[in-house]
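Data block below; observations after.
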Amino acid sequence: MEFGLLLNTEYPVDYPVARAVDEQVAFVHQARDDGWGTLSLGHHFLSSGMKQLQSIPFMARLIPESGDMSLMLGILLLSYMNPVETAEMVAALDVMSEGRVTFGVGLGNREVESAAFGLNKSDLVPRLEANLEVIKSLWTGKPTSCDLPWCRLQDAQLTMLPAQKPRPPILMAANSNPAVKRAARMADGWLINPHARLEMIGEQLKLFNTARASAGLPEVRSNEMPVMREVVCAPTREEADDLAVKWLGAKYKTLLDGGQDKTLPGNESFDKPFGELAEQRFVIGTPDDCIEQLMSWHESLGLDRFILRFNLPGMPFNASLASQRLLAREVLPAFRG
């Protein structure tokens, strides 16, 4: 089994950026030395009440710090991007990292972001699909043409191609059932979101596999379907619960206010007591608790690649680092070998 980290790139507006970068570099050094396999960065524009390091330049900063860890843009909000700029920047990251980049893409759902780029909600899916097809074509190195309102190319060719051949792996994030089908059809794998419960993911895995088969595409290996989870690991259950309620509770209040739960199937809602919200969704507790919870995902769904997030927005750095270190020492050995 493989374990990776999703780094926090969001900070309070008065938090010194230089300090934030130094802390994340220290976090990466510790993860690298503890044998974590993947380093992932999220992406947003105009973060509400927070400031956020943009993922592509920050990923470039972390390349020399990360050893041989895989580097995942997880995810880049491709609907808002220009495909030529994105193809060149991600190719440059792949070259500079000697072929360690995974290209994770998704829609985005915040109105403030869409408005900033002059888009309506109905624009996002067509732009995501068109941009991804242009990028795939450009990465072949062959002449590419397109006539889109936001990008016009006539037999254009990239000279900065990715190091990986034929291209970096493409994962697509998906919350809703239509998005899961789109990921099955257009990407190499599905980046499983951190918001859905185990039972829901089980149903969507069936949907994903059926959509792949219907499209005549090969079955996706389990390591191409990494599942993201929010984690708080502490010496006692009480300490873990206290940290989770304070920091995960605050984060999911923000997600509730932004309507993130409405992107999930059915009548899912984050407006519920924290204990009910956490069930089958987060990994919280002592090392033994975390082993049991992670093992349930592996045994129930056959998933064997996890991207875990410890350093939640606003959470003190020392607390998140201690959580990561405890899990690395006492949980990861149970899944290795």
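Would you mind stating whether residue 93 is more than 24 Å from residue 255 (Cβ to Cβ), assigned to a helix (DSSP H, G or I), among the hydrophobic types (A, V, I, L, M, F, W, C) and modelled with pLDDT of 95 or more? So that I can check it myself, show each step before the final result.
Values: more than 24 Å from residue 255 (Cβ to Cβ): yes; assigned to a helix (DSSP H, G or I): yes; among the hydrophobic types (A, V, I, L, M, F, W, C): yes; modelled with pLDDT of 95 or more: yes.
Yes; evaluated as a whole, the condition is true for this residue.
From the list 234, 184, 173, pick out the single residue that is under 23 Å from residue 323 (Cβ atoms) and touching a helix residue (DSSP H, G or I) at 6+ places or on another chain (Cβ under 8 Å). Working first, answer last.
Details: 184 fails: under 23 Å from residue 323 (Cβ atoms); 173 fails: under 23 Å from residue 323 (Cβ atoms).
Answer to the check: 234.
Can you tell me which residue is surrounded by the fewest Cβ atoms within 10 Å (Cβ to Cβ) among those in segment 61-70 that are more than 21 Å from residue 16 (Cβ to Cβ) and not charged (D, E, K, R)?
The residue in question is 64.
Report the residue count in segment 310-337 for those that are modelled with pLDDT of 95 or more and touching a Gly at 6+ places or on another chain (Cβ under 9 Å).
2
Identify all residues within segment 274-297 that are assigned to a strand (DSSP E or B) and within 20 Å of the chain's Cα centre (by Cα); write none if there are none. If you could, list the steps in order and put the result at the bottom.
From segment 274-297, those assigned to a strand (DSSP E or B) are 283-285; that's our starting set.
Across segment 274-297, the qualifying residues are 283, 284.
Taking segment 298-337 on its own, how many of its residues are outside any helix (DSSP H, G or I), farther than 30 Å from residue 16 by Cβ and over 20 Å from the mean Cα position of the chain (by Cα)? Working first, answer last.
If we filter segment 298-337 for residues that are outside any helix (DSSP H, G or I), which is where we start, we get 302-316, 331, 336-337.
Checking which are farther than 30 Å from residue 16 by Cβ leaves us with 302-306, 331, 336-337.
Those still in the list that are over 20 Å from the mean Cα position of the chain (by Cα) too: 331, 336-337.
Of the residues in that region, 3 qualify.
How many residues, within segment 99-109, are out of contact with any helix residue (DSSP H, G or I) (no Cβ under 9 Å at 6 or more places or on another chain) and in a loop (DSSP other than H, G, I, E, B)?
1
Specify the residue that is surrounded by the fewest Cβ atoms within 10 Å (Cβ to Cβ); the eligible residues are those in segment 247-273 that are part of a helix (DSSP H, G or I) and free of Cβ contacts under 8 Å to residues at least 60 places away in the same chain.
Step one: filter segment 247-273 for residues part of a helix (DSSP H, G or I), giving 247-257, 260-263.
With the extra rule that they be free of Cβ contacts under 8 Å to residues at least 60 places away in the same chain, the set shrinks to 249, 252-253, 256-257, 262.
Numbers: 249: 14, 252: 22, 253: 13, 256: 16, 257: 10, 262: 14.
Of everything passing the filter in segment 247-273, 257 is surrounded by the fewest Cβ atoms within 10 Å (Cβ to Cβ).
Could you grab me the full set of residues in segment 33-43 that are more than 25 Å from residue 173 (Cα to Cα) and surrounded by 15 or more Cβ atoms within 10 Å (Cβ to Cβ)?
If the condition is that a residue be more than 25 Å from residue 173 (Cα to Cα) and surrounded by 15 or more Cβ atoms within 10 Å (Cβ to Cβ), then 34 is the only one that fits.
Taking residue 207 and the conditions (1) within 26 Å of residue 131 (Cα to Cα); (2) within 18 Å of the chain's Cα centre (by Cα), which numbered condition does it fall short on, given that it satisfies the others?
Here residue 207 clears every test but (2).
Out of the helices (runs of 4 or more DSSP H) lying entirely within segment 165-243, which hold 1 or more residues that are within 22 Å of residue 332 (Cα to Cα) and in contact (Cβ under 8 Å) with a residue 12 or more places away in the chain? Can you show your working first?
Numbers: elements: 177-186, 198-214, 237-243.
Correct list: 198-214, 237-243.
Under the condition of being hydrophobic (A, V, I, L, M, F, W, C) and surrounded by fewer than 19 Cβ atoms within 10 Å (Cβ to Cβ), which residue from segment 278-303 is farthest from residue 231 (Cα to Cα)? I'd like the intermediate steps shown before the answer.
Residues of segment 278-303 hydrophobic (A, V, I, L, M, F, W, C): 278, 282-284, 290-291, 294-295, 297, 301, 303.
Now restrict to residues that are surrounded by fewer than 19 Cβ atoms within 10 Å (Cβ to Cβ): 295, 301.
Numbers: 295: 14, 301: 19 Å.
The qualifying residue farthest from residue 231 (Cα to Cα) is 301.
Here's the yes/no breakdown for (1) in contact with a Gly (Cβ under 9 Å, 6 or more places away or on another chain); (2) small (Gly, Ala, Ser); (3) more than 18 Å from residue 293 (Cα to Cα); (4) at pLDDT 95 or above:
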residue: 243; (1), (2), (3), (4): no, no, no, yes
residue: 255; (1), (2), (3), (4): no, no, yes, no
residue: 261; (1), (2), (3), (4): no, no, yes, no
residue: 264; (1), (2), (3), (4): no, no, yes, no
residue: 268; (1), (2), (3), (4): no, no, yes, no
residue: 280; (1), (2), (3), (4): no, no, no, no
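Out of segment 100-133, which residues are over 18 Å from the mean Cα position of the chain (by Cα) and among the basic types (Lys, Arg)?
Those that are over 18 Å from the mean Cα position of the chain (by Cα) and among the basic types (Lys, Arg): 121, 127.
Would you mention how many residues in segment 304-337 are of a type in the set (Val, Ile, Thr) and either touching a helix residue (DSSP H, G or I) at 6+ places or on another chain (Cβ under 9 Å) or surrounded by fewer than 23 Cβ atoms within 10 Å (Cβ to Cβ) (or both)? It would help to see each step written out before you state the result.
Step one: of segment 304-337, the residues of a type in the set (Val, Ile, Thr) are 307, 331.
The next check asks that each one be either touching a helix residue (DSSP H, G or I) at 6+ places or on another chain (Cβ under 9 Å) or surrounded by fewer than 23 Cβ atoms within 10 Å (Cβ to Cβ) (or both); those that pass are 331.
Here the count works out to 1.
Among the residues of segment 14-68, how many are charged (D, E, K, R), in a loop (DSSP other than H, G, I, E, B) and within 24 Å of residue 254 (Cα to Cα)?
Residues meeting the conditions: 1.
Evaluate segment 97-106: report whether one residue or more is under 23 Å from residue 158 (Cα atoms), in contact (Cβ under 8 Å) with a residue 12 or more places away in the chain, among the polar types (S, T, N, Q) and out of contact with any Cys (no Cβ under 6 Å at 6 or more places or on another chain).
Among the residues of segment 97-106, at least one is under 23 Å from residue 158 (Cα atoms), in contact (Cβ under 8 Å) with a residue 12 or more places away in the chain, among the polar types (S, T, N, Q) and out of contact with any Cys (no Cβ under 6 Å at 6 or more places or on another chain), which makes the answer yes.
Collect the residues in segment 111-151 that are closer than 22 Å to residue 54 by Cβ and out of contact with any helix residue (DSSP H, G or I) (no Cβ under 9 Å at 6 or more places or on another chain), keeping them in residue-number order.
Within segment 111-151, 112, 115, 118 meet the criteria.
Residues of segment 213-259 being over 20 Å from the mean Cα position of the chain (by Cα) and within 18 Å of residue 175 (Cβ to Cβ), which ones?
If the condition is that a residue be over 20 Å from the mean Cα position of the chain (by Cα) and within 18 Å of residue 175 (Cβ to Cβ), then 257 is the only one that fits.
The values are calculated or read from the model by the stated rules, or taken from the named source; none is laboratory data. Everything numeric in this text was worked out from a predicted model, so none of it was measured. Neighbour counts run over all protein chains shown; Cβ positions are idealised from the backbone, glycine included.
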